[in-house]
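Engineer: Below you will find the structure I want to go over with you.
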Amino acid sequence: MARRWDSPCGGQLLGRERVLTPIVEFDSIGLRYGTGAEVLRDLDFRLSKGGFYFLTGPSGAGKTSLLKLLYLAQRPTRGRLALFGEELSDAARDSLPAFRRRIGVVFQDFRLIRHLSAFDNVALPLRISGASEQEVEGPVREMLAWVGLADRASARPPTLSGGEQQRVAIARAVINRPELLVADEPTGNVDADMAKRLLHLFTTLNGLGTTVVVATHDVGLISATPGAQMIRLENGAMIDRTGLLKNPPQQRGEH
Amino acid sequence: MFDWLFASPAERRLLGTRPLSGPTPWVIAIMTFSIMIVAAAGLALADTASRVATGVQARYSVQIPDGNARLPATLQAIRATPGVSNAEAVPEADMRQVLERWLGPAGAAADLPVPALINFDARPGADVQAIEGRLQAAAPGAKVIAHRDSLGPLLNSLRALQWVAGALVLLLGGACAAAVVLAARGALDTHRFTIEVMHGIGATDVQVTNLFQRKIAIDALIGSLLGGIAAALVLLGLAAGASFAGELLGGATLGVTDLVILGLIPLALTGLATWVARRAVLSTLRTAI
């Protein structure tokens, strides 16, 4: 679904109008857990297909909650949320798995299944999508090699270091070539070299058309990704609205 | 329909548990054992009641109040009556033996008047009132007693016990289903993390349910077979050793149909457990986002 839309900064797109395809649309989104106070308030933004976004903000600002909305682990308590052009705020529960399969998620706590090997953890999205074992074997081996864990394929998460677990989690998130990749502090447990490699993986995927949203405190990561856009949250609300979409994907010449 | 039954090795690894690793198989084994014993007792009672009812349905006794003097003439009259078969006089010695049980040695006293008794069977469709009329002519004051009336309370008790056995089977089946629901919820709780990850990656409720349904089906099959084998051994022991069950193997008390019903109980319980597990897992998963 292509539609004409504007950035939150309202007509400041360097004097040009663009037709962009939004992959994520938040309209007046609010989120509260139970009867507590709202942890996210009045979020209005759109993320364009093929964009690379950093989500920043202090601890407790609502980054993880926002990511949960993005990977459909949570429904907004108010407002309109659309992903891939489909309104999902009140979508039937049974329709959500199909959308989740188009999203790759790197959780802050990795969320690896402890009793499965690294290979099985990475293969899980493919198997859930119905891939045969023949279709699983090659891509999983390749992906494990890419994150430097070819020789650890049969190791279980408890026997892996924090950094290795994180790489398995990233491999699992991207194995299905997701249209939207959501990562919560993906470089928090890896050394600088590995962080650079992972960022390269993300930008490569982004170059192939995947929209990437990374929540991070790592200023180095942000500065190493020229052209990426930034969403800043504070106290559950977006601030620095002009920051978002300052560099739409087309301007980076990547798509 | 039976996709859930077939899982790849990778799918089997997802729950990371082996069969017989939890209490479910053992609970189902105990339930199966209890249900089979109760069901066997109920079926044996049903068979006994049926045989007693059939045996006494057409059986009558004629009581001649003034003793043996009129017995031969009365017996002859009964035998000549249309619709009567197998008319036999009860020997006086047998009558006195019965009386002795109630009266002690006085029952054998020669001066104790003993009523004469004739047993006969009425053919199907026979007019018992007409028979009784002819008897009155041959032996005034003779009384015809239908065995089904005198054994009625016993038959009613047997039938009541059958219903009790049936109700117990249903109750135990319900308890088995409840145990499976608890086991399914426990398993969901144990594997909550795995389920959350699977859901997050795009697994459907049906995919998750299939894993649990298959695990519980295997546990239930193993448990019900163990319970079934134990119950069969106990029934064989009873049949071989106890007098009341002495006819079990001969088929007098448990027929082929009864044995087939008993043999199907483990399979029925496995099916019940599998169905209940699927419903329980699906309904629990639907409470998640």
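Engineer: Between A:Lys196 and A:Ser59, how high is the FRET efficiency from 1/(1 + (r/R0)^6) when r is the Cβ-Cβ distance and R₀ = 35 Å? Nearest 0.05.
Structural biologist: Working from the Cβ atoms, E equals 0.90.
Engineer: Provide the gained length on full extension for the span B:Leu233 to B:Ala160, in nm with one decimal, where the gain is 0.36 nm per separating residue minus the Cα-Cα distance.
Structural biologist: Value of the extension gain: 23.6 nm.
Engineer: What spacing in nm lies between the two simple spin-label points modelled at B:Arg185 and A:Ala98, each 7 Å away from Cα in the Cβ direction?
Structural biologist: Each label point is offset 7 Å from its Cα along the Cβ direction, giving 3.3 nm.
Engineer: Once you have the Cα-Cα distance between B:Glu132 and B:Ala80, take 0.36 nm times their residue separation minus that, and quote the gain in nm to one decimal.
Structural biologist: 17.4 nm
Engineer: Whole-Hz Karplus ³J(HN,Hα) for the stretch B:112-123, in order, using 6.51 cos²θ - 1.76 cosθ + 1.60 and θ = phi - 60°, x for Gly and Pro?
Structural biologist: Each residue of the stretch B:112-123 in turn: 7, x, 10, x, 8, 9, 10, 9, 8, 10, 9, 5 Hz.
Engineer: Mind checking B:198-210 for the average number of partner chain beta-carbons within 10 Å of each residue's beta-carbon?
Structural biologist: Mean partner-chain Cβ count within 10 Å for B:198-210: 6.
Engineer: Apply the Karplus curve 6.51 cos²θ - 1.76 cosθ + 1.60, θ = phi - 60°, to the phi angles in the stretch A:35-42 and return the couplings in whole Hz, x for Gly and Pro.
Structural biologist: With the stated coefficients, the stretch A:35-42 comes to 9, x, 6, 5, 8, 10, 9, 6 Hz.
Engineer: Among B:Asn210, B:Asn119, B:Asn86, which one moves the most in a GNM of chain B with springs linking Cα atoms closer than 10 Å?
Structural biologist: Looking only at B:Asn210, B:Asn119, B:Asn86, the largest GNM fluctuation is found for B:Asn86.
Engineer: What nm value, rounded to one decimal, do you get for the distance between B:Ile145 and A:Thr204 when each label is placed 7 Å out toward the C-beta?
Structural biologist: 10.1 nm
Engineer: With axes computed from alpha carbons, what is the tilt in degrees of helix B:152-190 against the longest principal axis of chain B, rounded to the nearest 10 within 0 to 90?
Structural biologist: Long axis of B:152-190 versus the principal axis of chain B: about 10 degrees.
Engineer: Ordered by residue, what ³J(HN,Hα) values in Hz, to whole numbers, does the stretch A:65-81 give under the Karplus form 6.51 cos²θ - 1.76 cosθ + 1.60, where θ = phi - 60° and Gly and Pro are x?
Structural biologist: 5, 5, 5, 4, 5, 5, 9, 6, 8, 8, 9, x, 7, 7, x, 10, 10
Engineer: How much mean residue ellipticity at 222 nm does chain B get from its helices, if each DSSP H run of length 4 or more adds -39500 (n - 2.57) and you divide by all residues, to the nearest 500 deg cm²/dmol?
Structural biologist: -23000 deg cm²/dmol
Engineer: How many nm separate the modelled label positions at B:Ala53 and B:Ser8, each set 7 Å beyond the Cα in the direction of the Cβ?
Structural biologist: 5.8 nm
Engineer: Considering only the other residues whose Cβ falls under 14 Å of the Cβ of B:Val281, what net charge follows from Lys and Arg at +1 and Asp and Glu at -1?
Structural biologist: Around B:Val281, the surrounding residues sum to +4.
Engineer: With a cut-off of 17 Å, note down the residues of the stretch B:254-269 whose backbone N falls inside the zone around a label point 7 Å from the Cα of B:Arg279 toward its beta carbon.
Structural biologist: B:268-269
Engineer: In deg cm²/dmol and to the nearest 500, what is the mean residue ellipticity at 222 nm of chain A if only DSSP H runs of at least 4 residues count, each as -39500 (n - 2.57), divided by the residue total?
Structural biologist: Taken over chain A, the calculation gives -8500 deg cm²/dmol.
Engineer: Within 10 Å of each residue's Cβ, count the other Cβ atoms and sort B:Thr209, B:Thr24, A:Thr216 from fewest upward.
Structural biologist: Ranked by crowding around the Cβ, least crowded first: A:Thr216, B:Thr209, B:Thr24.
Engineer: At a Förster distance of 25 Å, what's the computed FRET efficiency of A:Val219 paired with A:Ser161, Cβ-Cβ distance as r, to 0.05?
Structural biologist: Efficiency at R0 = 25 Å is approximately 0.55.
Engineer: Would you please state the base-10 log of I(q)/I(0) at q = 0.11, 0.14, 0.17, 0.23 1/Å for the stretch B:66-141, with intensities from the Debye formula using one equal scatterer on every alpha carbon?
Structural biologist: -0.34, -0.51, -0.69, -0.99
Engineer: Now a separate question. By count of other Cβ within 10 Å, fewest leading, how are B:His191, B:His147 ordered?
Structural biologist: B:His147, B:His191
Engineer: Also, quick follow-up: For peptide A:124-135, what's the mean number of Cβ atoms from other chains within 10 Å of each residue's Cβ?
Structural biologist: Mean shielding count: 3.
Engineer: Using modelled backbone amide H atoms (1.01 Å from N, in-plane), which distant-in-sequence or interchain residues come within less than 5 Å of A:Val182's amide H?
Structural biologist: Distant-sequence amide H within range of A:Val182: A:Gly104, A:Val105, A:Val106, A:Val213.
Engineer: Which cross-chain or sequence-distant (5 or more) residues have an amide H under 5 Å from the amide H of A:Gly51, H modelled 1.01 Å from N in plane?
Structural biologist: Those qualifying (amide H under 5 Å, at least 5 residues apart or on another chain) are A:Val212.
Engineer: List B:Phe212, A:Phe84 from most exposed to least, where exposure is judged by having the fewest other Cβ atoms within 10 Å.
Structural biologist: The fewest-first ordering by Cβ neighbours comes to A:Phe84, B:Phe212.
Engineer: OK, next. Could you work out the mean count of beta carbons from other protein chains within 10 Å of each residue's beta carbon in A:96-108?
Structural biologist: Per residue, the number of nearby Cβ atoms from other chains is 3 on average.
Engineer: With the cut-off at 1.5 for a/c, could you classify the protein assembly as shown from its C-alpha gyration tensor as rounded, prolate or oblate?
Structural biologist: prolate
Engineer: Let's test the formula: R0 of 51 Å, r as the Cβ-Cβ distance of B:Glu196 and B:Ala167. What FRET efficiency results, to the nearest 0.05?
Structural biologist: 0.75
Read-outs: derived from the displayed coordinates by stated rules, not from any lab. Worth saying up front: this structure is predicted, and the values here are computed from it rather than measured. Backbone-built Cβ (ideal geometry, glycine too); neighbour counts: all protein chains shown.
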